[in-house]
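The values are calculated or read from the model by the stated rules, or taken from the named source; none is laboratory data. Computed from a prediction, not measured in an experiment: that's the story for all the values here. Cβ atoms come from the backbone with ideal geometry, glycine included; neighbour counts cover every protein chain shown.
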Amino acid sequence: MHTADRTGEAALHWHAYAKTGDEVYSLPLPYGSHLDGDLWLQMPRDWIAATFDDEDAADQWLKEQLALYPPGNIAEQGYANATLYTRWQLTRERHKTVWADYRDRHGREVVRLLVPCPRPSAPGASRKTPPECPETRRSAGPLPG
């Protein structure tokens, strides 16, 4: 269970999503929106590969995923961005979805996301209210005192 902040809301955590090959091509998402964290939070709970309460664990998971599925070209943008900027985003741009989207050395599409939750009303967001946490039972309630 996630700890709660002073308002009683679930503390910031990250839901990890991992899809590879045919799983990516059959995603029930609008074309071009497969990196939109809001949409992933609306998918079935069993799509969540892991949930992390701290940046270090989330960062480590993505590093392991990138190592398990090395790219065909190390300079591919979706891979290079993830290797260079994951730590920065997890610690300084916490409202943004961290993603990797590239082809591995076997030509399979690899999509990995770390979606922050609860989703804040991010600058420039077109939505009126953030999506709910897919693990709604994770709320710890108000803090004592």
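Of the residues in the stretch 55-93, how many are among the polar types (S, T, N, Q) and closer than 19 Å to residue 117 by Cβ?
Looking only at that region, the number is 5.
Could you give me the residue pairs with C-beta distances under 8 Å whose first residue belongs to the stretch 28-46 and is under 17 Å from residue 95 (Cα atoms) and touching a residue at least 12 places away in the same chain (Cβ under 8 Å), whose second residue is of a type in the set (Phe, Trp, Tyr) and assigned to a loop (DSSP other than H, G, I, E, B) wherever it lies, and which are 6+ apart or on separate chains?
Listed by first residue and then by second, the contacts come to nothing, as the list is empty.
Is it the case that residue 49 is modelled with pLDDT of 90 or more, of a type in the set (A, V, I, L, M) and touching a Phe, Trp or Tyr at 6+ places or on another chain (Cβ under 8 Å)?
yes
Which of the residues that make up the stretch 25-49 are of a type in the set (A, V, I, L, M, F, W, C) and under 11 Å from residue 15 (Cα atoms)?
40, 41, 47, 48, 49
Looking at (1) closer than 20 Å to residue 25 by Cβ; (2) out of contact with any strand residue (DSSP E or B) (no Cβ under 7 Å at 6 or more places or on another chain); (3) not aliphatic (A, V, I, L, M), which is the one condition that is false for residue 59?
If we test residue 59 against (1) closer than 20 Å to residue 25 by Cβ; (2) out of contact with any strand residue (DSSP E or B) (no Cβ under 7 Å at 6 or more places or on another chain); (3) not aliphatic (A, V, I, L, M), just (1) comes out false.
Any residue at all in the stretch 79-90 that's free of Cβ contacts under 8 Å to residues at least 12 places away in the same chain and more than 29 Å from residue 135 (Cβ to Cβ)?
yes
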